Every structure is written in structure tokens, then in C-alpha cells.
1. Could you do me a favour and compute the accessible area per residue for the range 1-79, 1.4 Å probe, result in Å²?
2. Tabulate in residue order the Karplus-calculated ³J(HN,Hα) for the range 85-98, using 6.51 cos²θ - 1.76 cosθ + 1.60 with θ = phi - 60°, rounded to whole Hz; enter x for Gly and Pro.
3. When the Cα atoms of the chain are enclosed in a convex hull and the volume is divided per residue, what value in Å³ results?
4. So for the chain, averaging the separation of alpha carbon pairs under 8 Å that are six or more residues apart and normalising by length, what relative contact order in percent results?
5. For residue 31, what accessible surface area do you get with a 1.4 Å probe? Give it in Å², rounded to 10.
6. Viscosity 0.692 mPa s, temperature 37 °C: what is the translational diffusion coefficient of the range 26-122 from Stokes-Einstein with a Kirkwood Rh over Cα pairs, rounded to a whole number of µm²/s?
7. Please return the longest range in the chain lying between exposed loop sites, taking GluC sites (Glu not before Pro), DSSP loop only, at most 14 other beta-carbon atoms within 10 Å, and leaving the sites out.
Amino acid sequence: LPGYTVHALCVPAYAVGGDFYDHYPVPGGVVFTLADVMGKGLAAAILAATVRSALRGASRAVERSGAESDIADAVTAVARQISDDLSSTDSFVTLVHMMLHTGEGLLDYVDAGHGFAVHIRSDGSVAQLRGDGLPLGVSPEDAWTSRRIRLEPGESVLLASDGVLDLVSDGCDVRPALQFVAGCTDPAELIGRIRGLSGAQQPLDDVTLVAVRREPL
């Protein structure tokens, strides 16, 4: 991805997991997704595969619809498509879905109840990306909206599952996690430290992380 560095990690708590990350090019940029299906093991993994496939298809359909399209439309379409599956299994899915316009560094994103997506600025300060959408499966009639930030040269965005929070905080208070992230402005170093923590102790939950950095000029 010219001008950018991408690092990712997924460590399932069991043989298979309910987390996934995904990324693929589209005209003008690239789409990233990180999602967490409630539960663990095979049932969660099957739902995760369903969500990934549906979201890829919906995202490409939205992209083909024209310049006025919104990535939130893809999330809303997927929620409608898998509503029966989520209802029958009493499950839900949290996710962050984003489109990076690589030329301008513009980042459109939807946070569906996920809650831990972080903008790492070039001065080392960090800020959580705002998001107030519900997880998929909570309300079948819900809809989502997108927000936008700009990644300046030298800045990064980090997406993490709650398994990462369990490693670096108590899982409820995000402040230790933000401090941890602020101390690792290089995505490769951050991924390495998380990999080390997950290897030193058996994760209680799937550990999934995606870090995207816009390289300095």
C-alpha cells in the first residue's frame, strides 16, 4: 500500500475464534474491518465467516454505486442480511469498518458497538475514534452512520478487540490501554509487544489488532 504501512495480528483463544480482520483494495483506497462475534469456538467462527463474506459483498456493491455512497450503507445492509442468523443464535457482532482514501489520507469509519479504535497522532498523543452505533444483532431496525478523520503523515489508526484490552488493562477501563498505545507509536513495535503478551499468558479471549500508519513525508 504505497505511502502506508499495515500490520495485523489475530490470536484465537481456542482452536478457532470469533474475531476476524480483513482488508482489500477498492478504487481510490482500501477497506479495513475488525469484528468480534459474541462467543468463542466453532459457532462464533462460522458467524464470523458469514459476516466477513457479507460485508465484502456489500462494501463492493456500495463502492460500485457511486461517489455519493457511504460505507455505513454496507454495515446496515449486512445487519439486515444476517439478522435471522444472529436472532436464532442469540448472538451479536461488534465491528469497526473503515475506508481509507489513500491519496488524501481521509478515513471514513463506522463503529458498531466496538468501542476501541484509536487515532495515534504524530506527537504521540492518542484519541479514541467517536462511535455510538449499536452492535449488529441488537436491534433489527437499527441503522449506522459514518464519521471521518484525516490521517496526517506520521499518524496511525489502531483497531483492537476486547481481548487486547484484557492483556493491557482490566478490560473495563480503557485508559491503561490508551497509555500502552501511546508508548508504541510504531505499528510494528506495537504488534510485537501484543504478540509477546499473548504468548506469555493464555488469552482469555481472541486477541485481534490492526494498525495502519501513514508514512512521514
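The values are calculated or read from the model by the stated rules, or taken from the named source; none is laboratory data. Remember, it's a predicted structure, so these values are computed and weren't measured experimentally. Cβ: placed from backbone, ideal geometry, glycine included. Neighbour counts: every protein chain shown. Surface accessibility is based on the protein's heavy atoms, side chains included, excluding ligands, DNA and RNA. Shrake-Rupley method; radii C 1.70, N 1.55, O 1.52, S 1.80 Å.
1. Working: 3570 Å² over 79 residues.
Ligands and nucleic acids excluded, the figure is 45 Å² per residue.
2. Karplus values, whole Hz, x for Gly and Pro: 4, 5, 5, 5, 9, 6, 10, 8, 9, 9, 7, 10, 10, 9.
3. Numbers: hull volume 23.6 nm³, N = 217.
So the per-residue hull volume is 109 Å³.
4. This gives 27 percent for the chain.
5. Accessible area, nearest 10 Å²: 10 Å².
6. 231
7. 142-217
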